[in-house]
1. Determine if region 7-20 includes at least one residue that is under 30 Å from ALA130 (Cα atoms) and not assigned by TED's automatic domain parsing to the domain that holds GLY129.
2. Given the options GLY61, GLY82, GLY113, GLY51, name the one that is in contact with a helix residue (DSSP H, G or I) (Cβ under 9 Å, 6 or more places away or on another chain) and at pLDDT below 95.
3. Test VAL40 against the stated conditions and say whether it is within 17 Å of ARG89 (Cα to Cα) and either loosely packed, with under 11 Cβ neighbours inside 10 Å or hydroxyl-bearing (Ser, Thr, Tyr) (or both).
4. So, of the residues in region 117-167 that are in a loop (DSSP other than H, G, I, E, B), touching a Gly at 6+ places or on another chain (Cβ under 9 Å) and of a type in the set (A, V, I, L, M, F, W, C), which turns out to be nearest to ALA106 (Cα to Cα)?
5. Name the residue that is surrounded by the fewest Cβ atoms within 10 Å (Cβ to Cβ), counting only residues in region 55-71 that are in contact with a strand residue (DSSP E or B) (Cβ under 6 Å, 6 or more places away or on another chain) and either of a type in the set (Ser, Thr, Tyr) or under 23 Å from PRO12 (Cβ atoms) (or both).
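The values are calculated or read from the model by the stated rules, or taken from the named source; none is laboratory data. As the structure is a prediction and not an experimental result, all values here were calculated from the model. For neighbour counting, all protein chains shown are included, and Cβ atoms are generated from backbone atoms with ideal geometry for every residue, glycine included.
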Amino acid sequence: MSDDRSARLDLPQLHAGQAQKETTHNEALALIDLAVQAAVVAVGVDTPPSGPAPGDCWIVGPGPVGAWAGRASAIAGWTAGGWRFVAAREGMRAWSVADGVDVRFAAGAWRAGDVPVARLLVDGVQVVGAQQPAVPPPTGGATVDAEARAAVALMLTALIEHGLLAS
């Protein structure tokens, strides 16, 4: 990092004795406006849209062209001063309006709809944890109870389909 830019969002920084500090400050605010509580029109777009409205943002795709060239994976936002970009960083999140899901930048790519958690709590009670190993369906036995086996098989199928048990 140079003394001119911030380490995480690459925001311009003020310096003592700097003329026209408001220009640097306003540029930093414009970039913060794109990054904080980000909501994007769409994810993975390579061509800048024509006629964007101020405040509209997109996540640039892997092969950007035109005004977005060289800005792959960045958040591109249209402002009164033209396009501004915030480079993607590990862990960044945004809301994808087109998909109706959170997107997260992880391992060098934007991932839509993935919500990684170690466990899920409802009112402080764990309701979902890590996937457990497969449970074999019932077999054998001296007395065959077809209805009980069918019910157990349906429960196992539902738990597998929900991803709670391995298949």
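1. Checking region 7-20: not a single residue is under 30 Å from ALA130 (Cα atoms) and not assigned by TED's automatic domain parsing to the domain that holds GLY129.
2. On the way: GLY61 fails: at pLDDT below 95; GLY113 fails: in contact with a helix residue (DSSP H, G or I) (Cβ under 9 Å, 6 or more places away or on another chain); GLY51 fails: in contact with a helix residue (DSSP H, G or I) (Cβ under 9 Å, 6 or more places away or on another chain).
It is GLY82.
3. no
4. Our first condition is that a residue be in a loop (DSSP other than H, G, I, E, B); within region 117-167, this holds for 117-119, 123-124, 129-131, 133-145, 162-164, 166-167.
So of that shortlist, the ones also touching a Gly at 6+ places or on another chain (Cβ under 9 Å) come out as 118-119, 131, 164.
So of that shortlist, the ones also of a type in the set (A, V, I, L, M, F, W, C) come out as 118, 164.
On the way: ALA118: 16, LEU164: 24 Å.
Filtering first and then ranking leaves ALA118.
5. Going through the qualifying residues, I end up with ALA67.
To keep it simple, each residue is scored yes or no on (1) on the phi > 0 side of the Ramachandran plot; (2) small (Gly, Ala, Ser); (3) surrounded by fewer than 16 Cβ atoms within 10 Å (Cβ to Cβ); (4) in contact with a Lys or Arg (Cβ under 7 Å, 6 or more places away or on another chain).
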position	(1), (2), (3), (4)
SER73	yes, yes, no, no
ARG89	no, no, yes, yes
ALA94	no, yes, no, no
ARG104	no, no, no, yes
